[in-house]
Amino acid sequence: MTESLTRREFMKEFGKMGAAAALVPMVVAGEQMSDKPAGLQRPAFIKEVDQPTTEVDWAKVERLAEGERTVRRQFAKYVGQERVDKLSEIQKANMDKYLKEDKPGYTLKDWALQSASGGGAAPRKFFLDPESVRTPEALGVPKWSGTPEDAAMIITAAARHLGAATVGFVELDTNTTEKLIYSKDPDGKEMKILDVDAPAEDDASRTIPKKARYAIVYTVQMSEETMTRCPTHLGAQTTSLTYSRSQNIQERLQRFLMGLGYMALGESSTNALGIAPALGVMSGLGELSRYNRLLTPEYGSMVRVFKMLTDLPVAPTKPINAGLLEFCKNCTKCADHCPSKALSFEKEPTWEVKGGWNNAGHKAWFEDATKCRSYWYETGNNCGICFAVCPFASKNLASFSRVRNYLTATIPAFDGTLKKIDDLLYTPYTEFGKPQKDPEEWWRLNLPDYGISTDQSVRMTS
Ligand code: B12
Ligand code: SF4
Ligand code: SF4
């Protein structure tokens with residue numbers, strides 16, 4: 001469990017941070033502008049690299065059939081129906097008990113908010129563009145045209161305006177990144193990538209034209225204040241609300257691209273189309289972390305990740321090294337706090353997968369997803385403690401976050417100190433399964449819209 005600090009030790013660690021504060025001018029220098037448009041800039045200490053910090057053996061990566069492999073779709077295959085039935089009984093009993101005893105985070109008002117957060121989204125998700133959009137052809141004007149860099153700039157501006165947090169681009173390559181597109185979508189439909197002019201969909205398959213080579217990858221912020229109330233209904237609605245918002249963002253982005261005269265092939269259902277964290281890494285939105293998901297410099301763990309394909313040529317964004325994967329080697333906080341012990345404690349990531357739910361060919365801290373999913377039955381919905389306790393989830397001391405990110409990217413020797421300070425400032429509870437913050441307290445807070453802070457500035461350039 002988390003190492004606790006005595007007051008004296010804390011002052012010592014903080015003293016080191018004092019010395020680090022002297023680095024602030026360097027942090028600012030490290031944030032100097034490049035010649036990219038403002039919306040695409042990042043601090044210089046977030047290094048763009050040719051290869052991601054996750055090692056990949058592309059020859060071993062195969063396109064994954066999501067519906068046949070992952071624990072969210074095939075839980076019973078991995079643990080047996082008997083176990084699922086038993087867990088379902090536990091879930092039912094726990095939910096009934098927690099509601100009736102008014103357990104914080106499970107009260108009627110928390111339940112009602114969870115139910116509300118899943119609503120209000122687009123009526124359905126589209127793989128193909130929404131049909132009602134007026135295209136340039138219908139308007140009697142040519143398609144939008146510009147350089148791939150211009151395309152990156154306007155898509156980023158539009159996506160962010162429509163609700164996305166950060167935006168990146170991957171040009172799909174048959175032998176590498178195309179393998180991150182599912183071979184079968186969650187609903188079992190085959191995802192064909194063919195040399196055809198137009199996308200199509202029938203009862204058994206979806207066709208992606210080869211020329212829809214450009215993946216737009218975007219993050220959507222999650223509320224840190226509700227995520228730190230996981231695992232409760234209040235915590236779990238962070239997921240529902242972010243999905244509802246992402247659904248709106250997807251449809252709006254599809255309308256934007258189609259309005260420009262291009263394809264916009266989206267997720268046909270929540271989380272369809274491809275492996276989001278992998279595309280997030282390849283587009284430089286963040287790095288793969290110990291909790292085996294995307295960790296970002298701008299919003300830490302507090303993002304979900306989505307994607308869309310287009311034939312509008314757009315300049316790819318490169319993978320990054322912001323010292324995040326390296327930080328994970330010396331920080332096991334997510335694994336320490338995981339109530340189901342699903343996460344790896346190994347110092348280094350490995351090529352060895354944990355089970356049939358993982359995809360081989362990349363080096364990762366693979367999780368035992370069956371343990372994670374089993375625990376969700378106890379909580380009644382989902383969990384996210386691993387995301388909530390991550391030191392990069394805490395952004396409320398803005399200037400500290402900037403120094404922290406700078407040190408993470410430049411001086412790995414500080415990683416241990418940064419983790420200890422985070423333990424002290426943000427991790428009061430080490431008891432398994434206990435939310436880091438009081439769910440009842442949340443109802444009394446005065447938070448910004450959607451519980452997220454958009455004045456973080458998209459790429460920390462302010
Ligand atoms: C299935 C799934 C699960 C399953 C378990 C995964 C499994 N393998 O069965 C369950 C239901 C248990 C689960 C749990 C959670 N999930 Co989940 N999950 C997914 C889902 C739908 C599919 C991922 C997938 O196909 N995995 C199968 C294979 C590929 O897994 P893998 O080999 O272990 O590879 C993982 C990484 O190593 C990386 N990866 C895979 N291939 C490659 C290749 C390269 C080159 C690189 C760099 C990386 C990489 O991505 C994979 C992510 O699972 C995605 C949405 C999506 N379409 O991506 C969300 C998603 C990954 N989950 C997400 C989240 C947030 C969670 C939870 C915190 C729950 C919550 N509150 O939302 C927990 C975290 C658990 C943990 N730390 O382990 C987010 C992560 C956001 C982020 N910042 O990255 C996603 C992206 C959903 C979203 N739209 O944002 N999840
Ligand atoms: S979601 Fe909860 S149970 Fe699953 S890996 Fe994260 S902390 Fe563990
Ligand atoms: S908690 Fe620590 S080990 Fe886990 S993802 Fe965050 S930085 Fe990495």
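Where a number appears in this text, it was derived from the coordinates with a stated rule and is not lab data. Keep in mind the model is a prediction, meaning the values are calculated, not measured. Methodologically, a virtual Cβ is constructed for each residue, glycine included, from the backbone with ideal geometry; neighbour enumeration extends over all protein chains shown.
Could you name the aspartates and glutamates whose alpha carbon sits less than 16 Å from that of K103, not counting residues in the same chain fewer than 8 places away?
Of all the aspartates and glutamates, those that pass the test against K103 - Cα under 16 Å, at least 8 places apart if same chain - are E378, D438, E440, E441.
What does the charge count around D311 come to, taking other residues whose C-beta lies under 11 Å from its C-beta (Lys +1, Arg +1, Asp -1, Glu -1)?
For residues surrounding D311, the net value is +3.
For A276, what is the net charge nearby, where nearby means another residue's Cβ is under 10 Å from its Cβ and Lys, Arg count +1, Asp, Glu -1?
Net local charge, A276 excluded: +2.
Assuming R0 = 22 Å, what is the FRET efficiency of S145 and T174, from their Cβ-Cβ distance, to the nearest 0.05?
Result of the calculation: an efficiency of 0.25.
What does the charge count near G235 come to, summing +1 for each Lys or Arg and -1 for each Asp or Glu among other residues with Cβ under 15 Å from its Cβ?
Spelling it out: positives minus negatives among the neighbours equals -1.
Return L418, L445 ranked ascending by Cβ neighbour count within 10 Å, so the fewest neighbours appear first.
Starting with the residue having the fewest Cβ neighbours, the order is L445, L418.
Just list whichever of K97/K434; K354/K419; K143/K210 have alpha carbons separated by over 25 Å in the model shown.
K354/K419
Determine the relative contact order of the chain: mean sequence separation of Cα pairs under 8 Å and six or more apart, normalised by residue count, in whole percent.
Computed value for the chain: 25 percent relative contact order.
Report the Cys residues of the chain lacking a disulfide-compatible partner, meaning no second Cys Cβ under 4.7 Å from their Cβ.
Lone cysteines by the Cβ rule: C230, C328, C331, C338, C372, C383, C390.
Magnitude of the Cβ-charge dipole of the chain, K/R +1 and D/E -1, about the Cα centre, nearest 20 debye?
For this selection, approximately 640 debye.
Taking K86 as the anchor, which lysines have their alpha carbon closer than 16 Å to its alpha carbon, excluding any fewer than eight residues away along the same chain?
Within reach: K77, K371.
Provide the percentage of antiparallel DSSP beta bridges, counting only those with both residues in the chain; round to the nearest 5.
80
Take the Cβ-Cβ distance between E101 and A122 as r, set R0 to 41 Å, and report the resulting FRET efficiency rounded to the nearest 0.05.
0.65
So for M302, M227, fewest C-beta neighbours within 10 Å to most, what's the order?
Ranking M302, M227 by Cβ neighbours within 10 Å, fewest first, gives M227, M302.
Given the DSSP H assignment, sum -39500 (n - 2.57) over each helix run of at least 4 residues in the chain and divide by its residue total; what's the result at 222 nm in deg cm²/dmol, nearest 500?
-11500 deg cm²/dmol
What list do you get for D110, D311 if you sort them by fewest beta carbons within 10 Å?
The order, fewest Cβ neighbours first, is D311, D110.
Arranged from highest to lowest average of other beta-carbon atoms within 10 Å per residue, in what order do the peptides 174-183, 235-244 appear?
Per-residue mean Cβ counts within 10 Å order the peptides as 235-244, 174-183.
Treating only the Cα positions of the chain as identical point scatterers, give the base-10 log of I(q)/I(0) from the Debye formula at each q in 0.07, 0.09 Å⁻¹.
The Debye formula, applied to the Cα set alone, gives -0.35, -0.60.
Straight-line reach from K47: which lysines have Cα under 17 Å away, leaving out those fewer than 8 places along the same chain?
Those lysines meeting the cut-off are K36, K318.
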